[in-house]
Structures are given as C-alpha cells and as structure tokens.
1. Is there a residue being within 20 Å of the chain's Cα centre (by Cα), assigned by TED's automatic domain parsing to the domain that holds residue 344, more than 28 Å from residue 664 (Cβ to Cβ) and touching a residue at least 12 places away in the same chain (Cβ under 8 Å) anywhere in region 571-594?
2. Among the listed residues 704, 637, which satisfies the condition of being surrounded by 20 or more Cβ atoms within 10 Å (Cβ to Cβ), at pLDDT 95 or above and among the small types (Gly, Ala, Ser)?
3. Looking at region 672-695, is at least one residue among the charged types (D, E, K, R) and within 25 Å of residue 623 (Cβ to Cβ)?
4. Output yes when any residue across region 205-213 is under 24 Å from residue 70 (Cα atoms), part of a helix (DSSP H, G or I) and without any contact (Cβ under 8 Å) to a residue 60 or more places away in the chain, and no when none is.
5. If I filter region 229-239 for residues that are within 16 Å of residue 93 (Cβ to Cβ) and touching a residue at least 12 places away in the same chain (Cβ under 8 Å), do I get at least one hit?
6. Within region 85-106, take every residue that is assigned to a helix (DSSP H, G or I) and surrounded by fewer than 19 Cβ atoms within 10 Å (Cβ to Cβ) and give me the one that is modelled with the lowest pLDDT.
7. Give all pairs with beta carbons closer than 6 Å in which a residue from region 521-539 that is farther than 22 Å from residue 555 by Cα meets a residue that is hydroxyl-bearing (Ser, Thr, Tyr) and surrounded by fewer than 24 Cβ atoms within 10 Å (Cβ to Cβ); count only pairs at least 6 apart in sequence or on separate chains.
Amino acid sequence: MRKIYSYQGAYAKKKSSLHRNSSEQFQNFNNKPEKYTRPRRLREASEAKSLWLIAFFPLMFLYDELLLRIALGESVFKYFFYVFFFSLSAGFLFYSLCHLLKKTRAIRIASISVIAFFTLLFLVEFFCKQFFTFFMGISVMFQSAGEMMRSYFGTAVNLVLKSFHIVVLYFIPLVVYCIVFKEPVSHRIPPLISKLAPAALCVICYGIAIIGVLCSSSGIVTSREYYTSEFNITESSMRFGLVTGFRLDAQYLIFGTPKAKMPEIDSSTLLPVDDPDDPEQGSESIVPVEYGDNIMDIDFNSLIANTTDETLLSMHKYFASQPATKQNEYTGLFKGKNLIVITAEAFSHYVIDPQRTPTLYRMATKGINFTNYYQPAWGVSTSDGEYSHLLGLVPKAGVNSMKASAENNLYFTLGNQLTRLGYLSLAYHNNSNTYYGRNLTHPNLGYSKFIAIGSGLEGLDKVWPRSDLQMMQHTISDYINSTQPFNIYYMTVSGHAEYNFSGNMMAYRNKDAVADLPYSEPCKAYLACNLELEYAMEYLIGQLEAAGKADDTVIVLTADHYPYGLETESADKTEKYRYINELAGHTIETNFELHKNALIIWSGCLEDQDPIVVDEPCYSLDILPTVSNLFGLEYDSRLLSGRDVFSDAAPLVLFRNYSWITDKGSYNASTHEFVAAQGVSFASEDEQNAYIKNISNIVKNKVSYAKYILEEDYYDILFGN
C-alpha cells in the first residue's frame, strides 16, 4: 500500500509540474508575437482566401461582361444595373454548383472547366459580333458554326490576331484561378455558411435583377419584354449580359418564347394617306380610277369561330383587322414576263458608278429608281437577308429563320407563286450548297432545282470567293432558250469579305481596275471584288438581248446586308466605320444610314420610258409585295410584313432594334429620339408622342406576327388544302 501511495504522490507532483510548465509556455507564447503568431496569421489568410474563392466567380462574370462592352465600344454604364446583379447571381450559382462536389480535385476540375467554357464563349461571341454584327444563338451555333468555321477560318484567324489583346484579357481569370487557387483552400468559415451563403446571395441578386426587369416601362420594347416575349439574343444580351442572354435562349428553345400581348392600335393617330377624291390633290374633272384590293378570299370569321388555340385565334383576328393595300396603275406591269432575282453578297449603293460599273448604273437609273431604300442587317447575316426579301417577313430573332422554314408552306414566295403558273423555276449559288442549309431551304422556296457547289454547279475556278461572272456563264443555258417563262434566283458570293488583295481572289483579279481610285486598300478591294458582279450583269443582259428576251425579262437585284466586312475591330465608332465613311464621303449615321442600300428593278421594256422614281422610304420586306403586284399575281397583302411601294399604304421601314422610319420621320429606339422628316410638323407634342407610340405598336405587331407565321406554319393552315 505504501508503494502505491508513493506512486500516486509522485504522479501528482509530476502532473503539477507539467501544469506549471504548460502555463509558463503559454505565457511565453504571448510574450513572443513575432515567433508564435504565425499560425493565427495563416488562419486569417486562409479565411481571406476562402472569401476570395467564393467571390471569384461573381467577379469573373462581371469582368467578362464589362470587358465585352468595352471591346465592342458599348457604354459600360448603360444597363449596368442588370449586368451587375445578373452577373453576381450567375457567379454565385456556378460556385455553388461546383462546390456540391465533395472531392477537392473534382471541385477544381469543375471550376476550371466552367471558367474555360465561359472564356471561350465570350471570345466566340465577341468575334461573331465583330464580324457578323450579331451574337450567335444556341440553335444557330449548332446549325451553322461548323460551316462558318470552314468558310471563314482564315478570317477568324485574322480577327484573333488583330484582337489578340482581347484574347489575352479574357484568359486572365483562368490564369489567376490556376495560380492563386493552385493548392486546396482550407475553409475556416463554417461549412454550412460557406455552402448556404453563396446560394442565398445567388437568389437575392437574381431577385433584385428581376424586380428591376419587371419594373421597367420605358422604350418601344421594355426590358421586361426583351426578357420575355421580345427576346432577341443580340439585343437582350447587350441589355442583361451575355450569360443571361444564353440562359434565356436555352430556356426559350426548350419551353418556347412567352407570347406577346397584342397592343391596341389607335387608328386616329395615323396620319391619312393621299385621298384620290380630294380636289386639292388634282383637277376635279379627272375621274379617279377605282382599284381593287390585293386580297384573297380567306374566311377569317370561320377560322376564328373554329379555333381554340390562343395564338392562332390572335393571329386570325390580327390579320383580319389589317387593311389590304390597293392595286394601282403599276399592277400587272410585268405580267407574264420572265423574272431573275439576285441577292448580291454585301452589295451596296457605293458600288454603283457611271464609269466604273456602267451596267449596274444603267439598271439602277433606267429601271425603277429607288432613292431611299434600306436593307437592315437582321440576326443571321446573309440568310436572314434572303429571308426578309424572299418571304416578305421580319426574320425571327435568335434562329436561322430560313432554315426553320424549310418544311413550312411558303405560299407567297415568288418561286412558289410563279411555279403555280407554270414557270420554269431554278435557283443557283456559287458557294457550298449546304451552307445555311440551303440544300433544304431553297427547293422549298419553289425552285425545282437548287444548283450550287456540291449540287451540280461545275466549271468555276476553285478560289475564294468564286466568280459571279463564271456562275452566269455556266448556268444561263439552263433557261435562256426555254419555251416556258422562267423564274430564276441567284445568290452571289464574289462581293464577300475579306476586303484585301491577298485573301480575296475576286479583288485580286480586278485589282488593276481600281488602282487609280483615291481610296484605301480595303475600299479598293471591296469595289474590285464587286466588279465581278458588274461583269456578271453585263454578260447576263447581253445574253438576254442577243436572245431577244431583254424586254420580256425583269431583273430584281438587292443586297443581303451592308458591307460589314469593311468594319474595323476598333471600339471607337468613328474608327470602326472609317472605311464605310470613306466610301460615303462623310461620317455616316449608324442606326439608319448604315443600312441604306440599293434596290434595282430593271427590264428592257422600261428603258425607253421616263424613269419611275420611288423616293419614299422602303426596304427589303417591301420587295415581295411590290414585285407580286407588278406581275399581277394573286396575293394577300395583309399576310406580309412589307407593302407594295406603289400602293396607298403609308411607308414603314423597321429595324432589328425596333427603330423605324416613315414618311413622317424616324425614331431611334436606342436613344428614344424622334426626328421629323423635312417639311413635317405636328400640332403638339402630345400628337407627336401619340404618333410615335402608335407606329411603335405597329412595329411590335409586325415583328410578333411574322414570328408566329414561322412558328405556327400559318400559311399551311390557310392554304395547305
């Protein structure tokens, strides 16, 4: 027993000594901060690093969005509220999703993958906007991205090299993440907070942004409408941010775009058209001619009574309510004649010159002379340009509208209208037959054959771009001696970018012809490659005249879009459009004037008459109803977005951003500025505002119901049987 007690006493003594030593060590630790506070500093640094890790994704998205605006020359502060909160919300969301994974390595791989994906996405869309003037939506990306890269690989490489500093700036977040967060971050924040706080912040930021969207009320199209029924991948992304634009694009691609509410049209605010019975318009002794309407016998009342679908019901009511346009003195002017329609790649009125392009000048001035014509750039470049004038409808935003119509009933296209009358209908293109899915879309336009590279067009030099002249030379024998009247469509390519003498063989081929012009190389190259179109027209008209068919043939020629290949990569707008300004001879206005272009309607039978001049504003959507009227075709003017320019309908030109031009003035939807036309005034500001509101509602309706025609295959509902 003594030994035991002795052991316990010794143990107690030792324990007391250990306790005393421990206290002394603790005291010494407090007295030596330089040596012993390092663990605390490491702990604080780790906590700070944890916070920075949580903040990294929100800051990255905000950085990417603002950099995109700066690189494109857009205002950083315009719509900053939406961009800021939607970016933070997306950042916290992706942080939370990546950190649902349990293993550190998996989190790191997922995070790097997300950062890399959005880095590439922003770069692709930046270059797409720079070159094509639009952001590429998901459907367009899947349908056309491969073809675009194959066709424009050299252009893409040049764009990357010219904007390499932008590429470097976009890769900074990826580099920062890989360096700063190379080692696993040990979270000192409680696990529950580190997981719930980012998710909660995601919801809060999203809620704030949505409240801002729902409360918006200014402009023709409000932020709420751009977010829902009037979603447009380009315009909506510039307003809410590219990440939000892509989210909405995916959402609406899967579930459909919300339907727009049809605004009421107050007809009392529309200024009246000329009244032929008004004695002030002419002599009272002249008896006015009574013209009928360009309208078809469609029983809308029966359709309304037998429809329960809300969209179709709205469409039936809308089209039934539209006024039909009147036939006129030009109705049937070209009845029974042959027709050749040409969409000229990147053509513009700057090309036409009496000395340099005498044939085009002859066609423009001795045919029907359009002095105030516009070819707006829509969402899918050339394809939407074709769609707008071949279908007479506003293209649907965010999709390749032509490709989306490949299985629709396109009742009113000139191809289908004239084929029903027994015309020989053929279509040609001197580029790939599959580009933009034309092998599927163009036969559906009413042409019995679509002949292009890869589908029967042979003998052209294998260069880029291919020759328009050679296309004419190798195809004219297909129809020039036809006993049937013929209806021909050409999509050219010689005028395609890039505009230099090294990568554009048409420019190189015609370099000597422009050598003495007082322009920079890009401008000379642009004019040089378009000389191939001049030579093609010279050859075509020469062959028609030799065959004795020039007086019995009508040629309709317009562009697909303005020559945006002449734009520079500069964010400064003056510098961006300096080559177009050079051709124009002045600094152009970029909302309206940038899209001003040329429309040629020529026939040999017009050359001995006084010129027919159309000086009212008109645009590509007016071509189909105008030509249909000139050929005396049966069509329903209520079912097209455009108008016959010779009718009594008031002129209206609308643009992708909902800006518009009428004979009373122009309205810039981006700046909310209205400029009255020369000689036009309103009795009061209220009257002017009422006019702006009414025309803006008409524009919104035309955009919405053109979209529904495509989505619902509406012509098949009306004419399918």
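1. For region 571-594, residues within 20 Å of the chain's Cα centre (by Cα), assigned by TED's automatic domain parsing to the domain that holds residue 344, more than 28 Å from residue 664 (Cβ to Cβ) and touching a residue at least 12 places away in the same chain (Cβ under 8 Å): present.
2. Result: 637 is the single residue among 704, 637 that is surrounded by 20 or more Cβ atoms within 10 Å (Cβ to Cβ), at pLDDT 95 or above and among the small types (Gly, Ala, Ser).
3. No, every residue in region 672-695 fails to be among the charged types (D, E, K, R) and within 25 Å of residue 623 (Cβ to Cβ).
4. No: region 205-213 contains no residue that is under 24 Å from residue 70 (Cα atoms), part of a helix (DSSP H, G or I) and without any contact (Cβ under 8 Å) to a residue 60 or more places away in the chain.
5. No, region 229-239 contains no residue that is within 16 Å of residue 93 (Cβ to Cβ) and touching a residue at least 12 places away in the same chain (Cβ under 8 Å).
6. The residue in question is 104.
7. Close Cβ pairs (under 6 Å, with a partner that is hydroxyl-bearing (Ser, Thr, Tyr) and surrounded by fewer than 24 Cβ atoms within 10 Å (Cβ to Cβ)) amount to 522/579; 523/579.
For (1) at pLDDT 95 or above; (2) surrounded by fewer than 21 Cβ atoms within 10 Å (Cβ to Cβ), each residue gets a yes or a no:
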{"residue": "425", "(1), (2)": "yes, no"}
{"residue": "430", "(1), (2)": "yes, no"}
{"residue": "436", "(1), (2)": "no, no"}
{"residue": "441", "(1), (2)": "yes, no"}
{"residue": "453", "(1), (2)": "yes, yes"}
{"residue": "460", "(1), (2)": "yes, yes"}
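The values are calculated or read from the model by the stated rules, or taken from the named source; none is laboratory data. None of the values given here were measured: they were computed from a predicted structure. All Cβ positions, glycine included, derive from the backbone under ideal geometry; neighbour counts span all protein chains shown.
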